[in-house]
Amino acid sequence: MAHRIAVIGGDGIGPEVTQQALKVVRATGVDISTTDFDLGGARYLRDGEILSDEVLQQLRGFDAILLGAVGTPEVAPGVIERGLLLKMRFELDLYINQRPFIGTAPGHVTPHDFVVIRENTEGPYVGEGGVLRKGTQHEVATQGSVNTRMGVERCVRYAFELAQSRERKHLTLVHKTNVLTFAGDLWQRAFNAVATEFPSVATAYNHVDAACIYFVQDPHRYDVIVTDNLFGDILTDLGGAVSGGIGLASSANLNPARTGPSMFEPVHGSAPDIVGTGKANPIAAILSAALMLDFLGEHSAADQVRAACSQPTSGSTTEIANTITARISGK
């Protein structure tokens, strides 16, 4: 039976890179059926629609969601992000954001290989807070961070399970426990408690500012990292920068309980300035599709895609994808 994939090409270069990623997936021989959904900034500008409850219910019926990119300069920041991306994360309970990084950082000779596990449904992104006396000299803005024991613990446990499955079996908690003494304390206590269930996994702790330094100076120290929503958002962009560029950075928004579809997306944004030029690098979308194949149980196909992407490739958006497809098919 074909895997049912909901495709949200979105805005800017999103449809371009998503089309190429699907071409590569089909080259592996994996049977997929796709349904396109018109969502994103362009749809919002056209008719005011972001993500209706009806469409969200339709998305629940798919095995996975492949997202290209969303956002246009004409839409104010936060409208599409909160109304589409965060709504899907919260409503579909995509509580794990998993981003692998394999590459050679500037100044290093040997490549690094680590994974960041970011809690994806709590923290400051929940939207707790508000504005009082907006636009006046006495304006007040608050933005809270929501951290629950359930949310933290299930994220930490997933990270331990992943670390235990890897060769190095090492997990680092990244937070700011010396200043964020309430949220940080919850994360540290949950981390320590779950660690007792995984005696084979070695553990460490870094403040987030120190982790930023180590990402650049010593990325080889890391195997698996677990952190909160905001810190994970920032760290993973830095991880992309030290692993070959954001154009290679893939991600998975996972519902490990599989009570709904997980979503897979490159993290490079919609890049409206290069739409239609052939300059968009499709590899991040292709590697995100490889993560999707893993989630669907198609591990051999996922490995084929990653192997084909690991060799140097150049050219236009389509040429890069065609080269990768040829490597997979042996033509």
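Every number in this text was worked out from the coordinates using simple rules, so none of it is lab data. As the structure is a prediction and not an experimental result, all values here were calculated from the model. Heads up, the Cβs are rebuilt from the backbone with ideal geometry, glycines too, and the neighbour counts pull from every protein chain shown.
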* Asked: Mind checking which of 211, 141, 159 has the largest fluctuation in a GNM of the chain, springs on alpha carbons under 10 Å?
  -> 141
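I need 54, 128, 265, 298 ordered by Cβ neighbour count within 10 Å, fewest first.
Numbers: 54 7, 128 12, 265 28, 298 21.
Ascending number of Cβ neighbours within 10 Å: 54, 128, 298, 265.
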* Hey, what do the phi angles of the stretch 9-19 turn into as Karplus ³J(HN,Hα) couplings, whole Hz, using 6.51/-1.76/1.60 and θ = phi - 60°, x for Gly and Pro? -> x, x, 10, x, 7, x, x, 5, 6, 5, 4
* Asked: When the convex hull of the C-alpha atoms of the stretch 24-70 is computed, what volume per residue in Å³ does it have?
  -> 84 Å³
* To do: Mind checking which of 45, 78, 55 is farthest towards the positive end of the stretch 45-118's charge dipole, using Cβ charges of +1 (Lys, Arg) and -1 (Asp, Glu) about the Cα centre?
  => 78
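When the dipole is taken about the Cα centre of the chain, and only Lys, Arg (+1) and Asp, Glu (-1) are charged at their Cβ, what size is it in debye, to the nearest 20?
440 debye
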* Asked: What size of dipole, in debye to the nearest 20, comes out for the stretch 99-209 about its Cα centre when the only charges are +1 on Lys and Arg C-beta atoms and -1 on Asp and Glu C-beta atoms?
  -> 60 debye
* Could you pull out every one of the aspartates and glutamates with an alpha carbon less than 16 Å from that of residue 169, ignoring same-chain neighbours closer than 8 positions? => 113, 161, 197, 223
* Normalised by the number of residues in the chain, what is the relative contact order in percent for Cα pairs under 8 Å and 6+ residues apart? -> 25 percent
* In whole Å, largest first, what are the principal axis extents of the Cα atoms in the stretch 3-147? => 60, 47, 29
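Quickly estimate the mean residue ellipticity at 222 nm for the chain, helices only: each DSSP H run with n ≥ 4 gives -39500 (n - 2.57), and the total goes over all residues, rounded to 500.
Working: 11 runs with 123 residues, N = 331.
Rounded to the nearest 500, the figure is -11500 deg cm²/dmol.
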* Whole-angstrom gap from the stretch 274-301 to the stretch 85-111, using each part's C-alpha centre -> 13 Å
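Quick one: net charge of residue 179's neighbours, Cβ under 12 Å, K/R +1, D/E -1?
Summing Lys and Arg as +1 and Asp and Glu as -1 gives -1.
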* To do: Out of all DSSP beta bridges with both ends in the chain, state the antiparallel percent to the nearest 5.
  => 45 percent
* For the stretch 119-186, what is the Kirkwood estimate of the hydrodynamic radius, computed as the reciprocal of the mean inverse distance between distinct Cα atoms, to one decimal in Å? -> 14.5 Å
* Structure fact -> The farthest towards the positive end of the charge dipole of the chain, of the residues 215, 280, 292, given +1 on Cβ of Lys and Arg and -1 on Cβ of Asp and Glu, is 215
* Given a cut-off of under 8 Å on Cα pairs at least six residues apart, what relative contact order in percent is computed for the stretch 69-155? -> 22 percent
